[in-house]
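The values are calculated or read from the model by the stated rules, or taken from the named source; none is laboratory data. Predicted model only: the values in this text are computed from it and were never measured. All Cβ positions, glycine included, derive from the backbone under ideal geometry; neighbour counts span all protein chains shown.
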């Protein structure tokens, strides 16, 4: 397992592979790796001959009252997941390496895509995401980058940034990996108490209820969203942050009858932990 902490070193590794005609894939992560991340690494392995996993808890995508300091960090465990999943290298920089002059330069993706859902609830979040992913693309120079469908809005923002800035990187979005009870795998699941964890599967169950209505012919965005909200409202342990139905490509809210592929997304608090999930309709 190759481990590099400096941009010039990981870039040299990537360029060495390209000089040999080997494609390089990047899997950007904030560590605390689980089977969901492992699935991204395996997806990268299918598309590239050399797979780099970046592990960097990015401070610029956390709000003032969010969990940057307590975000779980376990590099030895992360290294084992990378090795078992088929990664070739880990890029493990510190904050000074990625932000040598502090967060003085940023990438802004403007428009409705970043104003709704998590963008509206977490001001500046997607600026931080776009900035660090752009920095990683410049540092690693990958041919391919793999992201998870669980963070669907993030994936849409990164696709737009990549296209608009002309990064020569193919973006692959890999399906959500779930626990046996349906809960989407997330590093933040570790924050849940046993009682909170027992309530968490209701998030996916609420989405499934809407999917059932869609399969039966329901096309009203309001009715589909209300089905999710009603299901979540049945648990006193869950506080709904948002339920949104958006175009799967543009991430514009769907207002009229649903006649195109869409993403039904939810964010909810269980205790102090905020979890997100989504399903695709019409695909």
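Tabulated data for the structure shown
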item	result
Failed condition for residue 90, given (1) in a loop (DSSP other than H, G, I, E, B); (2) surrounded by 14 or more Cβ atoms within 10 Å (Cβ to Cβ)	(1)
Unique match (being outside the structural domain of residue 141 (by TED's automatic domain parsing), buried (at least 18 other Cβ atoms within 10 Å of the Cβ), without any contact (Cβ under 8 Å) to a residue 24 or more places away in the chain and over 30 Å from residue 137 (Cα atoms)) among 210, 227, 198, 268	227
Some residue of region 115-128 being within 19 Å of the chain's Cα centre (by Cα), assigned by TED's automatic domain parsing to the domain that holds residue 14, more than 22 Å from residue 70 (Cβ to Cβ) and outside any helix (DSSP H, G or I)	yes
Subset of region 9-43 that is out of contact with any helix residue (DSSP H, G or I) (no Cβ under 9 Å at 6 or more places or on another chain) and in a helix (DSSP H, G or I) - its residue that is farthest from residue 132 (Cα to Cα)	19
Those residues of region 193-222 which are out of contact with any helix residue (DSSP H, G or I) (no Cβ under 7 Å at 6 or more places or on another chain), part of a helix (DSSP H, G or I) and under 19 Å from residue 257 (Cβ atoms), in sequence order	211, 212, 215, 221, 222
